[in-house]
Amino acid sequence: MKPKTVGRAQGGMAAQTPSHITGLMAQSIVLTRNGETPAGDIKPGDHVITRDTGMAVVAAVRKRTLRAPAVTIAAGSLGDTRPDRDMTLPAGQPVLVRDWRAQALFGARQAMVAAGRLVDGEFIRDAGVIEMTLCEIIFERDHVLYADGLEVGGHLLQPVVATAA
């Protein structure tokens, strides 16, 4: 009996595509103090409108182009106008779910969930591994911001890393 090594050279571990990658596509529209702004145009010091605190100051923005698992969310599939247009996110990007899905899938009124966990095959589809230019909008603390009308998680300036005791 042969080991299950299809697609792998030398029988080593299969390459895993990172699903923890987060960020917004550069063309995603983010609500800011100055109005709707493409994520790719946001700079440190800009004020972004957040669900939790109103305005939050952007501490940093990290832009990168890479290949990663992605999810396409159809306009209006997470609420009447959420998102307000079809959008693509990396599968690891946190999305705030506040409708029947939160209760049905996670047993809560609302849940912050990786976009990839919401795939239903019809309105929220696995887009496969695609090349994306991502913008991580980084704050001093966690925030929920608006991108294309969808509520998504912002990023921490210095993420807390848990260590084993």
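Only the coordinates and a few stated rules stand behind these numbers; no lab work does. This structure is a prediction, so every number in the text was calculated from the model and none was measured. We place every Cβ from the backbone using ideal geometry, glycine too, and count neighbours over all the protein chains shown.
Structure above, values below:
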item: Convex hull of segment 26-165 built on C-alpha atoms - directionally averaged projected area, nm²; result: 9.2
item: Space enclosed by the convex hull of the alpha-carbon atoms of segment 49-107, per residue, Å³; result: 130
item: Potential extension, residue 156-residue 130 segment - 0.36 nm per residue separation minus Cα distance; result: 6.9 nm
item: Around residue 52: net Lys/Arg minus Asp/Glu count, Cβ-Cβ under 11 Å; result: 0
item: Within segment 78-151, GluC sites (Glu not before Pro) in DSSP loop having at most 11 other beta-carbon neighbours inside 10 Å; result: 122
item: Segment 82-165 - convex hull of alpha carbons, volume per residue in Å³; result: 144
item: Segment 68-128: trypsin sites (Lys or Arg not before Pro) in DSSP loop, at most 10 other beta carbons within 10 Å; result: 109
item: Summed residue charge, Cβ within 13 Å of residue 20's Cβ, Lys/Arg positive, Asp/Glu negative; result: 0
